[in-house]
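The values are calculated or read from the model by the stated rules, or taken from the named source; none is laboratory data. These numbers were taken from a predicted model, which means no experiment stands behind them. Cβ: placed from backbone, ideal geometry, glycine included. Neighbour counts: every protein chain shown. The area values use the complete protein model at the heavy-atom level, side chains included, leaving out ligands, DNA and RNA. Shrake-Rupley method; radii C 1.70, N 1.55, O 1.52, S 1.80 Å.
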Amino acid sequence: MISNDFITGGYYLSKKFKRPPVIAPKLPETMVTLSDCFTDLGPGPWLLREWNSDEEEVAEQASLFGIPQHLVLPMLDWCTEEKFNVHPTSFRIAETAIEFSRRFVRSSDVVILGIGLHRKLMKSLRSQLSKDVNSGYGLIEQIEREESLSPSGTALGFEPLGYEATKFHSWLCHDAPDEVESALGVGTNQKGFISELENAVRVTEHLVATGAESAMWEPWLVVQYT
C-alpha cells in the first residue's frame, strides 16, 4: 500500500488513546489518530526555541510525550540543530521523527505516524486552501515538496482528516464509522482505519456533504514507524 503514489504530509508523535464508549463500538479499544480532538500530538512550537522560550512550558508539553525533564534542554539543542527538518506542525522526514523518538521519548504509548496523500488528490487539496483560516499553513508547504511517503513503516489504512488552523479533525469527531457503514457499506479494518483508498474517498465526500467542519478534508494514508 505504501508506494511512490503517496506524497508525505509529515510525520508526527501521537499518543495511543482509549476509544470513548460513545464512538463506534466496533473500533478497537485502543487506537491512534492524527486528530488532537482525541489525543496529544507533536511536534509543536514548544520544540523550537525561536517559537517558545518558556522552559517550564516546554517541559510541561514534553512530559505529555514521556520526555523527562532532564532531556528537555538536550532536546531543544538537538531540534535547533535539526531546524530544517523540525517544523512546529510536523517532522518533515521520517528519519528525523524516528531519531527524535529514540533520543528523547520514554513512553511506550507514543508512536510515530506518517501521513500520505495520493498524488491524484493533490489538486483537490489545493482547491480547498480557502477553507482554512491559515490557507493550509504547515501542511501545504510539506505537500508542495512532493516527497514520497517513507516506505519503511507499516500501513494502518486511511483516515479521513480535515486540516484547519494547523491541526486535523478526524472522521471520528463525527462518530462516522458506524454511520458510513450503514449509509455506504464501508467498514473498518482491525486497526480502525479504512482499507481501500476508493472507499476512503467516498467516506470523505460523504462527510463533507453531510456537514463536517469547514476544513481541508482528504483521505490520508496513515503509516506507523518504529
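List the trypsin sites (Lys or Arg not before Pro) within the stretch 83-113 that DSSP assigns to loop and that have no more than 14 neighbouring Cβ atoms inside 10 Å.
106
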Exercise. Under unit Cβ charges (Lys, Arg +1; Asp, Glu -1), what dipole magnitude, rounded to 20 debye, does the chain have relative to its Cα centre?
Worked result: 460
Exercise. In the full protein assembly as shown, how much of residue 37 is accessible to a 1.4 Å probe, in Å² to the nearest 10?
Worked result: 70
Exercise. Which ³J(HN,Hα) values, rounded to whole Hz and listed in residue order, are derived for the stretch 17-32 from phi using the Karplus coefficients 6.51, -1.76 and 1.60 in 6.51 cos²θ - 1.76 cosθ + 1.60 with θ = phi - 60°, glycine and proline given as x?
Worked result: 9, 7, 4, x, x, 7, 9, 4, x, 6, 6, x, 5, 10, 9, 10
For this session: Quick one: which residues, 5+ away or cross-chain, put their amide H under 5 Å from the amide H of residue 148? H built at 1.01 Å from N.
Result: 8
Exercise. Where does the chain land at 222 nm, in deg cm²/dmol rounded to the nearest 500, when only DSSP H runs of n ≥ 4 count, each adding -39500 (n - 2.57), divided by all residues?
Worked result: -7500 deg cm²/dmol
Problem set entry | Length-normalised contact order of the stretch 130-226 in % [C-alpha pairs under 8 Å, at least 6 apart] | 41
For this session: With everything on Cα atoms, drop me the angle between helix 94-104 and the longest principal axis of the chain, reported from 0 to 90° to the nearest 10.
Result: 50
Exercise. At a Förster distance of 30 Å, what's the computed FRET efficiency of residue 3 paired with residue 126, Cβ-Cβ distance as r, to 0.05?
Worked result: 0.90
Exercise. If you roll a 1.4 Å probe over the stretch 117-167 with all protein chains in place, what percent of the accessible area is carbon or sulfur?
Worked result: 51
For this session: Rounded, prolate or oblate: pick one for the stretch 7-76, where a ≥ b ≥ c are the square roots of the eigenvalues of its C-alpha gyration tensor, a/c under 1.5 means rounded, and failing that, prolate if a/b is larger than b/c, else oblate.
Result: prolate
Seminar exercise, completed: Cα-based Rg/(2.2 N^0.38 Å) for the chain, rounded to two decimals, is 0.98
Seminar exercise, completed: In this structure, the FRET efficiency calculated for residue 83 and residue 133 from their beta-carbon separation, with R0 = 35 Å, to the nearest 0.05, is 0.85
For this session: Whole number in Å², please: accessible area per residue of the chain, 1.4 Å probe, ligands, DNA and RNA not counted.
Result: 46
Problem set entry | Lysine pairs meeting the criterion (Cα under 20 Å, 8 or more apart or interchain), as found in the chain | 11
Problem set entry | Nonlocal amide H pairs with residue 170, under 5 Å, H built at 1.01 Å | 162
For this session: Determine the relative contact order of the stretch 17-68: mean sequence separation of Cα pairs under 8 Å and six or more apart, normalised by residue count, in whole percent.
Result: 23
Exercise. Per-residue HN-Hα couplings for the stretch 177-190, Karplus 6.51 cos²θ - 1.76 cosθ + 1.60 at θ = phi - 60°, whole Hz, x for Gly and Pro?
Worked result: x, 5, 5, 6, 5, 6, 7, 10, x, 9, x, 10, 8, 5
For this session: Heavy atoms only, probe 1.4 angstrom, no DNA, RNA or ligands counted: give me 201, 22 ranked by accessible area, highest first.
Result: 22, 201
Problem set entry | Solvent exposure ordering (accessible area, 1.4 Å, most first) of 159, 181, 198 | 198, 181, 159
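If the chain between residue 178 and residue 109 were fully stretched, how many nm would it gain, using 0.36 nm times the residue separation less the Cα-Cα distance? Mind showing how you got there, number by number?
On the way: separation 69, 0.36 × 69 = 24.84 nm, distance 2.62 nm.
Length difference between fully extended and current span is 22.2 nm.
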Seminar exercise, completed: Inter-part gap, Cα centre of the stretch 129-170 to Cα centre of the stretch 54-91, in whole angstrom, is 22
Exercise. Given a cut-off of under 8 Å on Cα pairs at least six residues apart, what relative contact order in percent is computed for the stretch 55-184?
Worked result: 20
